[in-house]
C-alpha cells in the first residue's frame, strides 16, 4: 500500500507565539501527519529596505519591518521546536528564503529540505540545498516547464533526492485553478515522484491529488482561520486537518492493486447471484 507523506505547514501561522507553535505541532502529530514545516527568512536579504520601511498596521507595530519581524522565530525558538518535535516523534523542517537562512537550518539534524515556489528560480539557493543531499520537496507554483527543467537539473547533477510538488500559488486557490492533471505531466517529464501543495479551502482538491498518485501532500494549518495573517484563509483548522489525514489514509487503502481479480469477499456473493456461467 502506498503512503502519502503528509506535511502540516505551520509556516508563519504561529504569529511568533511558541504556545501556538506547540499546539499546532500537537495537532499535526495527533492527526497522523508525517512532518511539520516552517518558513525561515533573513529579512534584510529577502526584502529591500524601502519595502521594510513601508507603513503597515499589525499587532507588532506600524511598519512592514515590524510585522515581518513579529512573524520570524528566533534561534531559541527553533531549538525548542527541534527538542519538542523529537519528544513528539514527528519530523520538522523549513523552507529557507535566502542562503543565510538555509545555512542556519544546517545546524539541525533535519531529514528534509523544501524549495518554496517563489525560490525555484534562485540557482544559488538550490545549489546550496542540493549540496546537503537531503530529500527535497520542490514546489512548482508560478513556474514554467523550462524553469522547472533548470531546477530539476541542479538536483540531478548533485545526485540529491527530490520530488516535485504541483501547486498554484494563490491564497486561497480557486478550485478551477487546481489543474491536478499537471501532476501527470510532471511525473512523465521528469520521471520522479510528484506531490501536491494545496492552498485551497476545504479538502476535496487535496483528496483528488492523492487519488491521482501524489506521493506527498502539504497543507497550511491554523488554530483559527480568523487569526491575523495572510496565510490563514488558505489553511485548515484542526478538525479539517484530522478529516483530511483520515481521508488520505482511506484513499491509500481504497486504491489497492491494479490487478483485476475476484476478491475473496466476492466469492460467496457470486455463488448466490450468478445463475449462469456459459462463457
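The table for this structure:
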read-out	value
Pair list, Cβ under 7 Å, 6 or more apart: segment 95-111 residue closer than 12 Å to residue 122 by Cβ, other residue at pLDDT 95 or above and assigned to a loop (DSSP other than H, G, I, E, B)	95/116; 97/41; 97/116; 98/41; 98/42; 101/41; 101/42
Cβ-Cβ under 6 Å pairs, at least 6 apart or on other chains, segment 27-38 side on the phi > 0 side of the Ramachandran plot and in contact (Cβ under 8 Å) with a residue 40 or more places away in the chain, far side in a loop (DSSP other than H, G, I, E, B) and crowded, with 23+ Cβ neighbours inside 10 Å	none
Every residue from segment 206-228 that is surrounded by fewer than 20 Cβ atoms within 10 Å (Cβ to Cβ) and assigned to a loop (DSSP other than H, G, I, E, B)	212, 213, 223, 224, 225, 226, 227, 228
Filtered residues of segment 121-157 (kept if surrounded by fewer than 16 Cβ atoms within 10 Å (Cβ to Cβ) and assigned to a helix (DSSP H, G or I))	123, 124, 127, 131, 145, 146, 147, 149, 150, 153, 156, 157
Per-region count, segment 77-109, residues closer than 21 Å to residue 5 by Cα, in contact with a strand residue (DSSP E or B) (Cβ under 8 Å, 6 or more places away or on another chain) and surrounded by fewer than 18 Cβ atoms within 10 Å (Cβ to Cβ)	2
Boolean, residue 118 is out of contact with any strand residue (DSSP E or B) (no Cβ under 8 Å at 6 or more places or on another chain), assigned to a helix (DSSP H, G or I), touching a residue at least 12 places away in the same chain (Cβ under 8 Å) and surrounded by 15 or more Cβ atoms within 10 Å (Cβ to Cβ)	yes
Condition met for residue 245 (assigned to a loop (DSSP other than H, G, I, E, B) and either buried (at least 16 other Cβ atoms within 10 Å of the Cβ) or at pLDDT 95 or above (or both))	no
Count of segment 22-52 residues which are in contact with a strand residue (DSSP E or B) (Cβ under 6 Å, 6 or more places away or on another chain) and part of a loop (DSSP other than H, G, I, E, B)	2
Sole exception among (1) under 28 Å from residue 128 (Cβ atoms); (2) at pLDDT 95 or above; (3) more than 13 Å from the chain's Cα centre (by Cα) for residue 163, by number	(3)
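The values are calculated or read from the model by the stated rules, or taken from the named source; none is laboratory data. Keep in mind that this is a model prediction, so the values were computed, not measured. Using ideal geometry, Cβ is built from the backbone for each residue, glycine included, and neighbour counts are taken over all protein chains shown.
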